[in-house]
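Engineer: Structure in structure tokens, see below.
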Amino acid sequence: MKPHSIRSFFLLTLLGLLLSACATKINTIKSNTSHRLNDSEGYLLLGLDANESLQSLALTGKKHVMFTSEDLKYGSNYLLAKLPAGDYRIERVRINKYSGFKLLGDVWDIEVVEGNISYGGNVRVNPNGPRYPIELINHSSGALEYIEQYHPGILTSHKLRYSGQGEDKFFKLVRGELNK
Amino acid sequence: MNIIKIVILLLITVESSYGEAIPASKLFQAEKTEDVKLSPDAKYFVIKRREVNRTVLTLTSTETLDEYEIIHFPTNKNNQLKGVVWLDKQSLLVRYSYSYGFGSSDSYSILKIKVNEGVPTATPKHIKARGYVVDPLANTENKVLFALLTDADNANKYSLVYMNHDQLSSGSSKHAIRFSKNTPKAAVFISNNRGKDIMAVKLEGANAEIYYKRSQFDGWKRTGHLPLNDNYFLPVGFIDDEYLAVLSNKDSDTVVLREFSLVDSRLGKILASHPSYDIVSAETDSDSQSVKWVRYFERNKLVTRYFDSKDQKAKRMITKALPGKQFVFLSQLENSQFEILYSFSSSSPGKYYLFDRKNLTAGLIGEARPELKGYKFSSSEVIRVAVSDGIDVEATITYPSVPPNGVLLVNPHGGPIGVRDYDQFQPELQYYASRGYTVLQVNYRGSTGYGRKFLDAGRGELGKVIEQDINKVVDHLFKSAKFKHVCAMGSSYGAYSSVMLAIFRPQRYSCVAASFGIYDLPLLFNYRNLDKASGMIKATENVVGKMRPELWDLSPLYKLEELQAPLLIVAGVKDPVASIEHSNRLRYRARQLGKTEQSLFYKSAGHGHYSWFGDRHEAVSTSQFFERILGLSTTWKTKEILVEESTTLADGFSDGTFLPEDPSKAIKHYRKAANLGDARSQFVLAQNLERGVKADTLLKQAVGLYIQSSETGYHKASYRLGELYADRFGLNNLLLSYKYYKIAWEQGNDFAALETAKMQCLSRGAQRNFQSCLKIIDSEIKAYKSKTKRRPKYDRQIRQTLASILWQAQLSSEENRELQTVLGRLVKIDSFDVSLDERVSGAFENSQPEYWNGQTLEHSTTLKLRRGLIFGVAFNFLSNSEQAVKQDQIVYNYRWIKPGSADRSGKDIEEYIGISHHKGFHKLTYTISDNSELRPGDWTLELQTLDGKPLYSKTFTLE
């Protein structure tokens, strides 16, 4: 049984079309070249573990934005993007043109902090799996290893912080910031 | 006074006096004998036995002890025989599971047993009815009491009905008889007293309501609501019309057996208890309104306290005959002469006996682990140690069965709440004890079986009281024993505890092996965003306590700077309990701090291994880790142990199934084993040399290793030499090819038998001997048909051999007829006098011989060469016999000749026996399936009759 924070939808509603039309497509950062942040901007880092390719992943908040199918391939990968700093919520995951999930509640909230790389978690999508069809999983160590390997330059000048549910001190630990 | 004697037949196994390291492959495998169950009339008992490639159910007569196989299941990771129960004296219910993708499901069948001249056979019938058997009503034939699933989305999802076996098989409940009027739908039904007394437990939110019914003529009665709070409450059986016997710890520290009033839902007097231990199970008899027995664990051993004097006497006798062993009766039938007795201990894998109550004899009928006969095992000693004022803990010490190596392994159990160690055979314990280690296991505060106070004393005490208890026991041990080194080794919570022990006492612990563990306690609260909604957080709080700042200080991850001991981290990538994130963080941090660390992240493991190979690999890796870190002597290792360790480690790295593929590590270990004379390792190393994988591509070296392996008896190596020498890879020595095929055949390789026969028929590398060739093939066909050789694709191999002979050999008419007779034993031949019409040729969308939707992708004989290209010809076949009918099977020969085969023989030809039907449609196609087949040029399809008359030829040019 799905919790109340996940709702399936199976019809392409007019509202859904309109919402999609309002969302700005996110261009993910793929190379280690410099991507300077503007004022009041931060990086959002999300992991994706999906057992099928997705059509879109939409976030509401400071800005209504959307990752699109070219970034949402089947398997495991990471999504790094620049966004205006502020609160966001993963609002909708579309599997294909006709079906997807609407996500409700603050369990899907992520904060993008100015000047930082905000890791929101790994979005795990498995609609036919034994657990929930969508979850946000804390795989901080994997995110850190990804950034170190593929975007070391960004990591040098911006702190990686945990921005998902609850408090996690792992990134601070590895930076040596925890008090003795 | 009568002196009652017991004659125990074969009860005492003669144990070997030597101790030696027990190979991991012997220890870490499934039990060979399980599910020994007596039939309701005690005339037979069924046993589930595991063999090399299959699981077998056998039936044995209690009178003659003749054992018969009644059904078998192939050993298959996707399908497993799980269990068996008697439905009545002629029927068994078999449960098996099958896996699919990410899940698995249980399925059931009824086995009907027929006995003909003393020999039983069984016919299976699959059950489609969904639910479970509440009571088999074993004394009533063809009728069971069944909880039928009627509403899967409801907590109270079952209805109680009587069903016969046909109804169970068909799944049709239309004529199933309702158990009685007003039977409630329930979450679970429990039967007592052979189906006469029934309890139904209904769930209403957080409460449970018990309905009960005694005998078929009373109505249903119900108790009041029972709150499902922290008290333990388990109904056992009826005592009389007013009282149930239940196990509960409400109003007591330990779980006791007491009365429960069905009238006012109150707990009554205590029927049985132990001052220090929880009662874990019990049985009552409502006919005599008494308790038959209760069970508890005392000093880790299972104790059954009987209340009937006859049972007490039997227990005394068995205890005397089996000193130091624990035992249980598995089948307890009313007034039966026979019982199944199961005995076990920490130093004895289980044994099954047929106990004769009348003659007071017991005969051995099965051993759980017969392959371990001859090995000396270590017994465990239990001690009690005061850890705090008024609090003792029990601990088990297992001393080595070989000269000690001076290492104490402290092995905390998992949990930590509600789990414990027992005095029973543990493969892991025996693995280390047989290698010189002393192993300590502590039932620290939080362990189950010692009462509620003791259990609750561990809640929220991770990294505190629990590790204090363990260290107190180690302190105690040190007063009487000396160890050169102490290491901590544990799994799940035991992994956490092991790392924390070493952090707390860096002077004491020299190394740590931590498997499938949690290392970041706050991560338990923020791993999944939906855990709060699912109730997981509450369950975590029940063990760890609420999320609080202290948890960071109690997490090994955040205290790793203080760890001095080298660390082995083992994890399962698919672990749903202790997620891989814990181990990945620990590994990251250990490397960051420059700690001596080794990690093994098993790709196909969860919270533990799903295959025995994983357990073996982990045991070998861990013991080698200890040896390396502590500088332990390894001169005691026999060649068998050395080979096993090397091949196990090599296999783990060889193909990426268990661990990330690492060819150089794999080859390193295979080379060690190959140098010790292991034939399989020599073969694998030779294969790698041939392929040039991380090694020089030196065919000569590869051949040298194949020869070594062949000489040691490895048939695959001999077969490969046969192939290599048969002009396929440039060695071109048919005499040697024939020699090695013959050797491979003698070593048990069936494919080599066919190659030997073919070479005799074709006089290649051997003198022509048609009769010998035919005899071999005929024998292989007989073996295949009689199911002694049912290897997949073997019939295809036989047919290809015959096809090659028909195409290539110069056969006389008589020889051709004889060959056809032999072929006729494998394939029905109604006609070989064939004619055909070509329908269409070119490229097709699929290779299915009898499917064609009328579309040909390309209608041409000149095609573009590409991977995945399927090309060929579609025919209509006709038998030339006047009496031919549509079902007649017509047989012919065909072959594909690839580019470069000027003489139309050798490796570039593929020959087949073709089968079609009279007036049948058939496509003969070739698929370019991999890069090695991307050969431009002429590809020719030829057909001939079995007696050599050409039928058809067409050439495709692929560019």
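Engineer: What does the charge dipole of the range B:368-503 about its Cα centre add up to, to the nearest 20 debye, if the Cβ of each Lys and Arg holds +1 and the Cβ of each Asp and Glu holds -1?
Structural biologist: Numbers: 15 positive and 13 negative charges, 45 e Å.
For this selection, approximately 220 debye.
Engineer: Could you list which residues have their amide H under 5 Å from that of B:V402, counting only those 5 or more apart in sequence or on another chain, with H placed in the peptide plane?
Structural biologist: Under 5 Å from the amide H of B:V402: B:G436.
Engineer: Please identify every one of the GluC sites (Glu not before Pro) in the range B:761-828 that sits in a loop by DSSP and has no more than 13 other beta carbons within 10 Å of its own beta carbon.
Structural biologist: Details: sites: B:E780, B:E814, B:E815, B:E818; in loops: none.
Of the GluC sites (Glu not before Pro), not one in the loops of the range B:761-828 has a Cβ with at most 13 other Cβ atoms within 10 Å.
Engineer: Still on this model: Using DSSP to define loop residues, name the trypsin sites (Lys or Arg not before Pro) in the range A:69-132 whose beta-carbon has at most 11 other beta-carbon atoms within 10 Å. Present the calculation step by step, with values, prior to reporting the outcome.
Structural biologist: Numbers: sites: A:K73, A:K82, A:R89, A:R92, A:R94, A:K97, A:K102, A:R124, A:R131; in loops: A:K73, A:K97, A:R131.
Loop-located and lightly packed - A:K97.
Engineer: For chain B, state the semi-axes of the equivalent ellipsoid (square roots of 5 times the eigenvalues of the alpha-carbon gyration tensor), sorted largest first and rounded to whole angstrom. Before the final figure, lay out each step's value.
Structural biologist: On the way: eigenvalues 688, 309, 170 Å².
Over the Cα atoms of chain B, the semi-axes work out to 59, 39, 29 Å.
Engineer: For chain B, return all DSSP H helices satisfying: extent of Cα atoms along own axis at least 15 Å; mean Kyte-Doolittle hydropathy at least -0.5.
Structural biologist: Numbers: long enough: B:309-321 (18 Å, -1.43); B:465-478 (20 Å, 0.26); B:493-504 (16 Å, 1.35); B:580-592 (18 Å, -1.82); B:612-630 (27 Å, -0.37); B:639-654 (22 Å, -0.03); B:663-675 (17 Å, -1.28); B:679-691 (18 Å, -0.43); B:699-711 (18 Å, 0.03); B:734-746 (18 Å, 0.06); B:750-762 (19 Å, 0.39); B:770-785 (22 Å, -0.04); B:794-808 (21 Å, -0.55); B:813-826 (20 Å, -0.91).
Helices passing the filter in chain B: B:465-478, B:493-504, B:612-630, B:639-654, B:679-691, B:699-711, B:734-746, B:750-762, B:770-785.
Engineer: Oh, and also: Could you tell me which of the pairs B:K315/B:K358; B:K739/B:K785; B:K185/B:K538; B:K37/B:K89; B:K32/B:K603; B:K26/B:K373 are separated by over 18 angstrom between their Cα atoms in the structure shown?
Structural biologist: On the way: B:K315/B:K358 14 Å; B:K739/B:K785 28 Å; B:K185/B:K538 29 Å; B:K37/B:K89 11 Å; B:K32/B:K603 28 Å; B:K26/B:K373 10 Å.
Checking Cα-Cα distances, B:K739/B:K785; B:K185/B:K538; B:K32/B:K603 exceed 18 Å.
Engineer: What number comes out for the charge environment of B:Y450, summing +1 per Lys or Arg and -1 per Asp or Glu over other residues with Cβ under 13 Å away? Mind showing how you got there, number by number?
Structural biologist: Numbers: positive: B:R299, B:R384, B:R420, B:R445, B:R452, B:K453; negative: B:D253, B:D278, B:E298, B:D392, B:E394, B:D421, B:D456, B:D469.
Charge balance near B:Y450 sits at -2.
Engineer: Assigning unit charges at the beta carbon (Lys, Arg +1; Asp, Glu -1) and nothing else, what dipole magnitude in debye, to the nearest 20, does the range B:17-149 show about its Cα centre?
Structural biologist: Values: 18 positive and 15 negative charges, 115 e Å.
Charge dipole of the range B:17-149: 560 debye, to the nearest 20.
Engineer: Something else about it: Using alpha-carbon pairs under 8 Å, 6+ residues apart, how would you state the relative contact order of the range B:121-257 in percent? Mind dumping the intermediate values first?
Structural biologist: Numbers: 264 pairs, mean separation 19.5, N = 137.
Relative contact order comes out at 14 percent.
Engineer: In whole angstrom, how far apart do the alpha carbon centroids of the range A:77-152 and the range B:140-198 sit?
Structural biologist: 47 Å
Engineer: How charged is the neighbourhood of B:N893? Take every other residue with its Cβ under 9 Å from the Cβ of B:N893, and add Lys/Arg as +1 and Asp/Glu as -1.
Structural biologist: On the way: positive: B:R895; negative: B:E911, B:E942.
Counting the neighbours of B:N893, the net charge comes to -1.
Engineer: Compute the projected area of the convex hull of the Cα atoms of the range B:126-269, averaged over all viewing directions, and report it in nm² to one decimal place. Could you put the intermediate results ahead of the total?
Structural biologist: Numbers: hull surface 37.6 nm².
The directionally averaged projection comes out at 9.4 nm².
Engineer: For a 21 Å ceiling on Cα separation, which of these pairs sit above it: B:K143/B:K181; B:K196/B:K221; B:K639/B:K668? Spell out each step's value before the answer.
Structural biologist: On the way: B:K143/B:K181 19 Å; B:K196/B:K221 14 Å; B:K639/B:K668 17 Å.
Exceeds cut-off: none, every pair is within range.
Engineer: Evaluate the Debye formula for the range B:654-776 with equal point scatterers sitting on the alpha carbons, no solvent, and hand back log10 of I(q)/I(0) at q = 0.14, 0.18, 0.23 Å⁻¹, in q order, two decimals.
Structural biologist: The calculated log intensity ratios at q = 0.14, 0.18, 0.23 Å⁻¹ are -0.62, -0.89, -1.21.
Engineer: Remind me, relative contact order of chain B in percent, using alpha carbon pairs under 8 angstrom and six or more residues apart?
Structural biologist: On the way: 2037 pairs, mean separation 52.6, N = 959.
5 percent.
Engineer: Can you list, bin by bin at 5 Å, the percent of alpha carbon pairs in the range B:21-137, starting at 0?
Structural biologist: Spelled out per bin, shortest first, that is 2, 10, 19, 22, 18, 14, 8, 4, 2, 0.
Engineer: Mind computing the radius of gyration and Dmax over the alpha-carbon atoms of the range B:500-632? Å is fine for both.
Structural biologist: Just the Cα atoms of the range B:500-632 yield Rg and Dmax of 15.6, 51 Å.
Engineer: Averaged over every viewing direction, what's the projected area of the C-alpha convex hull for the range B:840-959? Give it in nm², one decimal, please. Don't skip to the end; give the middle numbers.
Structural biologist: Working: hull surface 30.7 nm².
For the Cα atoms of the range B:840-959, the hull's average projected area reads 7.7 nm².
Engineer: Now for a different question. Rounded to whole Hz and in sequence order, give me ³J(HN,Hα) for the range B:163-171 from the Karplus expression 6.51 cos²θ - 1.76 cosθ + 1.60, θ = phi - 60°, writing x for Gly and Pro.
Structural biologist: Residue by residue, the range B:163-171 yields 9, 8, 5, 5, 5, 4, 5, 6, x Hz.
Engineer: Out of the trypsin sites (Lys or Arg not before Pro) in the range B:502-570, which ones are loop residues according to DSSP with at most 14 other C-beta atoms within 10 Å? Don't skip to the answer; put the middle values down first.
Structural biologist: Numbers: sites: B:R508, B:R528, B:K532, B:K538, B:K546, B:K559; in loops: B:R508, B:K546.
Of the trypsin sites (Lys or Arg not before Pro), the ones in loops of the range B:502-570 whose Cβ has at most 14 other Cβ atoms within 10 Å are B:K546.
Engineer: Then there's this: Along the principal axes of its C-alpha atoms, what lengths does the protein assembly as shown span, in descending order and rounded to whole Å?
Structural biologist: 97, 96, 70
Engineer: While we're here: Could you please put B:W293, B:W220 in sequence from largest to smallest accessible area, using a 1.4 Å probe?
Structural biologist: Details: B:W293 20, B:W220 45 Å².
Putting B:W293, B:W220 in descending order of accessible area: B:W220, B:W293.
Engineer: Average projected area of the Cα convex hull of the range A:106-180, in nm²? Intermediate results must be reported in sequence, preceding the final value.
Structural biologist: Details: hull surface 25.2 nm².
The directionally averaged projection comes out at 6.3 nm².
Engineer: While we're looking at this one, here's another question. Given a 1.4 Å probe and no ligands, DNA or RNA in the count, how much accessible surface is buried by A and B, both sides, to the nearest 100 Å²? Don't jump to the answer; show the numbers that get you there.
Structural biologist: On the way: alone 9770 and 44540 Å², together 51930 Å².
The buried area between A and B, both sides summed, comes to about 2400 Å².
Engineer: Sum up the charges of everything whose Cβ sits under 13 Å from the Cβ of B:G937, counting Lys and Arg as +1 and Asp and Glu as -1, but leave B:G937 out.
Structural biologist: Values: positive: B:K898, B:R935; negative: B:D908, B:E933, B:D938, B:E959.
Local charge sum for B:G937: -2.
Engineer: Over 18 Å, how big is the tail of the calculated P(r) for the range B:404-543, in percent of all Cα pairs? List each step's numbers first, then the result.
Structural biologist: Numbers: 5579 of 9730 pairs.
Above the 18 Å cut-off, the range B:404-543 has 57 percent of its Cα pairs.
Engineer: Using only alpha carbon pairs under 8 Å that are at least six residues apart, calculate the relative contact order of the range A:37-180 and give it in whole percent.
Structural biologist: Details: 307 pairs, mean separation 35.3, N = 144.
Relative contact order here is 25 percent.
Engineer: Once ligands and nucleic acids are excluded and a 1.4 Å probe is used, how much of B:V387 is accessible, expressed in Å² to the nearest 10?
Structural biologist: Near enough 10 Å² of accessible area.
Engineer: Shifting gears a bit: Under 5 Å between amide H atoms, partner at least 5 residues away or on a different chain: which partners does B:H274 have, H built in plane at 1.01 Å?
Structural biologist: Here the answer is B:I279, since their amide H atoms fall under 5 Å of that of B:H274.
Engineer: Cα atoms only: what Rg and Dmax, in Å, come out for the range B:513-557?
Structural biologist: Over the range B:513-557's Cα set, Rg and Dmax evaluate to 10.9, 35 Å.
Engineer: I would also like to ask the following. Any chance you could check the range B:521-565 for residues losing 10 Å² or more of accessible area when the partner protein chains are in, compared with the chain on its own (1.4 Å probe)?
Structural biologist: Residues of the range B:521-565 that lose at least 10 Å² of accessible area once the other chains are added: B:N526, B:Y527, B:R528, B:N529, B:L530, B:A533, B:S534, B:W552, B:L557, B:Y558, B:E561.
Engineer: For the range B:296-386, compute Rh as the Kirkwood radius over C-alpha pairs and then the Stokes-Einstein diffusion coefficient at 37 °C and 0.692 mPa s; write the answer in µm²/s, rounded to an integer.
Structural biologist: Values: Rh = 14.5 Å.
So the translational diffusion coefficient is about 226 µm²/s.
Engineer: In straight Cα distance, which aspartates and glutamates are under 15 Å from B:K574, not counting same-chain residues fewer than 8 positions off?
Structural biologist: A:D49
Engineer: Which of the residue pairs B:K700/B:K758; A:K25/A:K159; A:K97/B:K174 have a Cα-Cα distance greater than 32 Å in the structure shown? Don't jump to the answer; show the numbers that get you there.
Structural biologist: On the way: B:K700/B:K758 27 Å; A:K25/A:K159 25 Å; A:K97/B:K174 43 Å.
Over 32 Å Cα-Cα: A:K97/B:K174.
The values are calculated or read from the model by the stated rules, or taken from the named source; none is laboratory data. All values derive from a computational prediction rather than experimental measurement. Every residue, glycine as well, gets a Cβ built from its backbone with ideal geometry; the counts of neighbours run over all protein chains shown. What goes into the accessible areas is simple: the full protein's heavy atoms, side chains included, and nothing from ligands, DNA or RNA. Shrake-Rupley method; radii C 1.70, N 1.55, O 1.52, S 1.80 Å.
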